[in-house]
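What follows is a set of notes on a single structure, which appears directly below.
Read the figures in this text as sums done on the coordinates, not as results from a lab. All figures in this text were calculated on a predicted structure; none of them were measured in a lab. Note that we place each Cβ from the backbone using ideal geometry, even for glycine, and neighbour counts take in every protein chain shown.
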Amino acid sequence: MGRFENVATLARPFAGAVALDLACGSGRTTRALLAADPRTVHAVDVGSTLDDDLLLDGRVRAHIADLDDLPLDDGTADVAVSLNAVEHLADAGAHLSEVHRVLRRGGTAVLAHSDWDTALFTSDDDALTRTLLDRFVAHAPAGGSPTDGFAGRKLLRHAARSAFTVESVHSWADPHRRFDEGSVAWKVATGVLAAVADEPQLAARAAGWIEGLRRSAAAGEFLFTVTDVAVVLRKD
Ligand SMILES: C[S@@+](CC[C@H](N)C(=O)[O-])C[C@H]1O[C@@H](n2cnc3c(N)ncnc32)[C@H](O)[C@@H]1O
């Protein structure tokens, strides 16, 4: 199972459930939640991001809304997943309060995040990889939402300060061997390039680093992983 199936499974969706995919993006978690045949998946994002086929699925309701002000009534959801959202939020506590409000008693929420500082790339130059990753996790894109390369390891802290009971904590790393355009490793490497764009010398070395990753993937030697953390929360 990959990241999206893992978080959906931990939320324990069931046939007929009302499920939430919070910060749904293109809807990869929504897709995984649908495998349990819920009555509805409310897919919430601040942007209009959901894939077209999910918009056409009668079980999916798309909402354009902020995660600290969910367009749902109190106690109306059975399960909720928030994946790779908190690094974009000014107040993770306000987000968790909202999730707690809209869940029914006994409902489950999964708060999950990749911890980007743990990203692993097979490369010929390990020292350069470390330098580039350090820049990547410290990088706040100009005009973009805040990011936190250490968000995964902080989830339990957010959970402990919320009204939820922490049921369990999980962590895993998915191995990815592809480095073609659109692959997960490619997207992270693109973020690395953006992070060093203002440093011409390092940017040139990063371009060479990416060529090295390409060669390594072509030779079948490439590996990328990042640690994901998921906290399973229960509303008592
Ligand atoms: C890194 S993406 C994760 C998407 C999806 N959960 C996934 O893992 O594929 C972060 C998402 O959070 C959304 N987002 C950022 N800030 C938000 C906010 N305040 N309220 C709702 N969504 C937000 C973005 O639009 C984006 O789709």
**Prompt:** So how far apart, in nm, are the two label points at residue 236 and residue 134 if each is 7 Å from Cα heading toward Cβ?
**Reply:** 4.4 nm
**Request:** Please give the length that would be gained between residue 55 and residue 14 if that part of the chain were fully extended, namely 0.36 nm times their separation in residues minus their C-alpha to C-alpha distance (nm, one decimal).
**Result:** 12.7 nm
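From the alpha carbon gyration tensor of the chain, can you work out the equivalent ellipsoid semi-axes (sqrt of 5 times each eigenvalue) and give them in Å, largest to smallest? Numbers along the way, then the final one.
Working: eigenvalues 225, 68, 53 Å².
After scaling each eigenvalue by five and taking roots: 34, 18, 16 Å.
Given segment 3-234, what percent of its DSSP beta bridges are antiparallel, to the nearest 5?
Values: 19 of 39 bridges.
Close to 50 percent.
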**Prompt:** Could you put 122, 30 in order, starting from the residue whose Cβ has the fewest other Cβ atoms within 10 Å?
**Reply:** 122, 30
**Fewest-first sequence of 209, 186 by Cβ atoms within 10 Å of each Cβ** = 186, 209
**Request:** Note down the magnitude of the dipole of segment 77-144 about its Cα centre, charges +1 on Lys and Arg C-beta and -1 on Asp and Glu C-beta and zero elsewhere, to the nearest 20 debye.
**Result:** 480 debye
**Fill in**
Listed by chain and number, the residues whose amide H is under 5 Å from that of residue 118, excluding neighbours fewer than 5 places away on the same chain and using placed H, are 227
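Report, in cubic angstrom per residue, the convex hull volume of the C-alpha atoms of segment 2-141.
Values: hull volume 17.3 nm³, N = 140.
Per residue, the Cα convex hull of segment 2-141 comes to 124 Å³.
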**For segment 4-51 versus segment 59-82, the gap between their alpha-carbon centres in whole angstrom** = 10 Å
**Phi to ³J(HN,Hα) by Karplus 6.51 cos²θ - 1.76 cosθ + 1.60 over segment 32-40, Hz, x for Gly, Pro** = 5, 5, 5, 4, 8, 6, x, 5, 9
**Asked** With charges set only on the Cβ (+1 for Lys and Arg, -1 for Asp and Glu), what does the dipole of segment 1-148 come to about its Cα centre, in debye to the nearest 20?
**Response** 580 debye
**Asked** With contacts defined as alpha carbon pairs under 8 Å and 6 or more residues apart, what's the relative contact order of the chain in percent?
**Response** 21 percent
